1. Every residue in region 72-127 that is at pLDDT 95 or above, closer than 25 Å to Ala61 by Cα, of a type in the set (Gly, Ala, Ser) and surrounded by fewer than 12 Cβ atoms within 10 Å (Cβ to Cβ), please.
2. Quick one: in region 30-54, which of the residues that are near the ligand (Cβ under 10 Å from one of its atoms) and not β-branched (Val, Ile, Thr) is nearest to Ala94 (Cα to Cα)?
3. Given Asp85, Asp69, Asp90, which one is among the acidic types (Asp, Glu) and out of contact with any helix residue (DSSP H, G or I) (no Cβ under 8 Å at 6 or more places or on another chain)?
Amino acid sequence: MSENGMETTIDGEVKSPDQVAASCAQEVVELRSAVDNIDAAVIHMLAERFRVTDMIGGLKARAGFAATDSRRESDQVARLRTLADECGLDADMAEAYLHLVADAAKRNHIRLACETNQPMWGAEGGC
Ligand SMILES: O=C(O)C(=O)C[C@]1(C(=O)O)C=C[C@@H](O)C=C1
(Lines give C-alpha, C1' and ligand atoms only; values in the text may rest on other atoms or scores of the structure.)
Protein backbone atom coordinates (compact mmCIF):
# COMPACT_ATOMS: atom_id res chain seq x y z
CA MET A 1 0.00 0.00 0.00
CA SER A 2 1.36 3.45 -0.82
CA GLU A 3 0.04 7.01 -0.56
CA ASN A 4 0.98 10.14 -2.45
CA GLY A 5 -1.64 12.48 -1.01
CA MET A 6 -3.87 12.26 -4.06
CA GLU A 7 -4.02 8.49 -4.41
CA THR A 8 -3.76 5.33 -2.38
CA THR A 9 -2.43 2.31 -4.21
CA ILE A 10 -3.76 -0.76 -2.42
CA ASP A 11 -2.05 -3.98 -3.43
CA GLY A 12 -1.14 -7.29 -1.82
CA GLU A 13 1.60 -5.57 0.19
CA VAL A 14 -0.40 -4.59 3.25
CA LYS A 15 2.21 -3.56 5.81
CA SER A 16 0.60 -0.53 7.45
CA PRO A 17 1.40 -0.05 11.16
CA ASP A 18 -2.21 1.19 11.49
CA GLN A 19 -4.22 -1.99 12.25
CA VAL A 20 -7.53 -0.55 11.01
CA ALA A 21 -5.97 0.61 7.74
CA ALA A 22 -4.24 -2.76 7.32
CA SER A 23 -7.43 -4.75 7.79
CA CYS A 24 -9.46 -2.41 5.54
CA ALA A 25 -6.79 -2.73 2.83
CA GLN A 26 -6.89 -6.53 3.17
CA GLU A 27 -10.68 -6.48 2.74
CA VAL A 28 -10.39 -4.23 -0.33
CA VAL A 29 -7.94 -6.70 -1.89
CA GLU A 30 -10.43 -9.55 -1.27
CA LEU A 31 -13.41 -7.61 -2.64
CA ARG A 32 -11.38 -6.78 -5.76
CA SER A 33 -11.37 -10.47 -6.70
CA ALA A 34 -15.16 -10.34 -6.76
CA VAL A 35 -14.97 -7.18 -8.92
CA ASP A 36 -12.56 -8.94 -11.32
CA ASN A 37 -14.91 -11.92 -11.64
CA ILE A 38 -17.88 -9.66 -12.31
CA ASP A 39 -15.92 -7.65 -14.92
CA ALA A 40 -14.90 -10.89 -16.68
CA ALA A 41 -18.53 -12.03 -16.76
CA VAL A 42 -19.62 -8.65 -18.17
CA ILE A 43 -16.98 -8.85 -20.94
CA HIS A 44 -18.09 -12.38 -21.86
CA MET A 45 -21.74 -11.29 -21.92
CA LEU A 46 -20.89 -8.26 -24.05
CA ALA A 47 -18.98 -10.41 -26.54
CA GLU A 48 -22.02 -12.69 -26.76
CA ARG A 49 -24.33 -9.68 -27.21
CA PHE A 50 -22.22 -8.45 -30.15
CA ARG A 51 -22.20 -11.92 -31.72
CA VAL A 52 -26.01 -11.82 -31.66
CA THR A 53 -26.34 -8.21 -32.88
CA ASP A 54 -23.85 -8.97 -35.68
CA MET A 55 -26.22 -11.75 -36.81
CA ILE A 56 -29.05 -9.20 -36.77
CA GLY A 57 -26.81 -6.86 -38.80
CA GLY A 58 -26.23 -9.58 -41.39
CA LEU A 59 -29.98 -10.07 -41.78
CA LYS A 60 -30.59 -6.32 -41.99
CA ALA A 61 -27.93 -5.97 -44.70
CA ARG A 62 -29.37 -8.90 -46.65
CA ALA A 63 -32.89 -7.47 -46.48
CA GLY A 64 -31.84 -3.87 -47.16
CA PHE A 65 -33.14 -2.71 -43.76
CA ALA A 66 -31.71 0.36 -42.02
CA ALA A 67 -29.23 -0.14 -39.19
CA THR A 68 -31.39 1.78 -36.72
CA ASP A 69 -34.73 0.81 -35.21
CA SER A 70 -35.53 3.69 -32.86
CA ARG A 71 -38.76 2.20 -31.58
CA ARG A 72 -36.94 -0.96 -30.54
CA GLU A 73 -34.31 1.16 -28.77
CA SER A 74 -37.00 3.15 -26.91
CA ASP A 75 -38.58 -0.10 -25.73
CA GLN A 76 -35.14 -1.39 -24.63
CA VAL A 77 -34.39 1.83 -22.73
CA ALA A 78 -37.77 1.67 -20.94
CA ARG A 79 -37.25 -1.99 -20.05
CA LEU A 80 -33.70 -1.50 -18.78
CA ARG A 81 -34.65 1.59 -16.75
CA THR A 82 -37.38 -0.45 -15.02
CA LEU A 83 -34.99 -3.35 -14.43
CA ALA A 84 -32.40 -0.96 -13.01
CA ASP A 85 -34.96 0.58 -10.64
CA GLU A 86 -35.97 -2.88 -9.47
CA CYS A 87 -32.42 -3.89 -8.61
CA GLY A 88 -31.19 -0.61 -7.15
CA LEU A 89 -29.04 0.50 -10.09
CA ASP A 90 -29.02 4.07 -11.38
CA ALA A 91 -31.52 4.06 -14.29
CA ASP A 92 -29.47 6.71 -16.16
CA MET A 93 -26.52 4.32 -16.09
CA ALA A 94 -28.69 1.56 -17.56
CA GLU A 95 -29.81 3.91 -20.33
CA ALA A 96 -26.22 5.04 -21.01
CA TYR A 97 -25.21 1.37 -21.29
CA LEU A 98 -27.93 0.71 -23.86
CA HIS A 99 -26.89 3.70 -25.98
CA LEU A 100 -23.24 2.66 -25.78
CA VAL A 101 -23.85 -0.88 -27.02
CA ALA A 102 -26.62 -0.09 -29.52
CA ASP A 103 -24.53 2.67 -31.13
CA ALA A 104 -21.59 0.25 -31.44
CA ALA A 105 -23.91 -2.45 -32.83
CA LYS A 106 -25.19 0.01 -35.47
CA ARG A 107 -21.65 0.95 -36.49
CA ASN A 108 -20.96 -2.78 -36.91
CA HIS A 109 -24.16 -3.20 -38.98
CA ILE A 110 -23.08 -0.40 -41.33
CA ARG A 111 -19.51 -1.68 -41.61
CA LEU A 112 -20.70 -5.20 -42.40
CA ALA A 113 -23.15 -3.89 -45.01
CA CYS A 114 -20.37 -1.86 -46.63
CA GLU A 115 -17.91 -4.76 -46.59
CA THR A 116 -20.43 -7.01 -48.29
CA ASN A 117 -21.52 -4.39 -50.82
CA GLN A 118 -25.01 -4.11 -49.39
CA PRO A 119 -24.98 -0.43 -48.39
CA MET A 120 -27.64 0.46 -45.88
CA TRP A 121 -29.26 3.64 -44.67
CA GLY A 122 -26.89 5.39 -42.28
CA ALA A 123 -23.79 4.79 -44.41
CA GLU A 124 -24.25 7.85 -46.62
CA GLY A 125 -20.99 9.23 -45.25
CA GLY A 126 -19.26 6.50 -47.22
CA CYS A 127 -18.04 3.01 -46.51
O1 LIG B 1 -32.57 -5.18 -32.64
C2 LIG B 1 -32.03 -4.61 -33.62
O3 LIG B 1 -32.69 -4.27 -34.61
C4 LIG B 1 -30.61 -4.32 -33.60
O5 LIG B 1 -30.04 -3.95 -34.62
C6 LIG B 1 -29.88 -4.40 -32.30
C7 LIG B 1 -29.89 -3.07 -31.57
C8 LIG B 1 -29.21 -3.36 -30.19
O9 LIG B 1 -27.99 -3.20 -30.10
O10 LIG B 1 -29.92 -3.80 -29.29
C11 LIG B 1 -29.09 -2.09 -32.35
C12 LIG B 1 -29.67 -1.17 -33.18
C13 LIG B 1 -31.11 -0.96 -33.27
O14 LIG B 1 -31.45 0.38 -33.43
C15 LIG B 1 -31.83 -1.63 -32.17
C16 LIG B 1 -31.27 -2.57 -31.36
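The values are calculated or read from the model by the stated rules, or taken from the named source; none is laboratory data. If you're wondering where the values come from, they're calculated on a predicted model, not measured in any experiment. Methodologically, a virtual Cβ is constructed for each residue, glycine included, from the backbone with ideal geometry; neighbour enumeration extends over all protein chains shown.
1. Hit for region 72-127 is Ser74, nothing else.
2. Here the answer is Arg49.
3. Testing whether each residue is among the acidic types (Asp, Glu) and out of contact with any helix residue (DSSP H, G or I) (no Cβ under 8 Å at 6 or more places or on another chain) leaves just Asp69.
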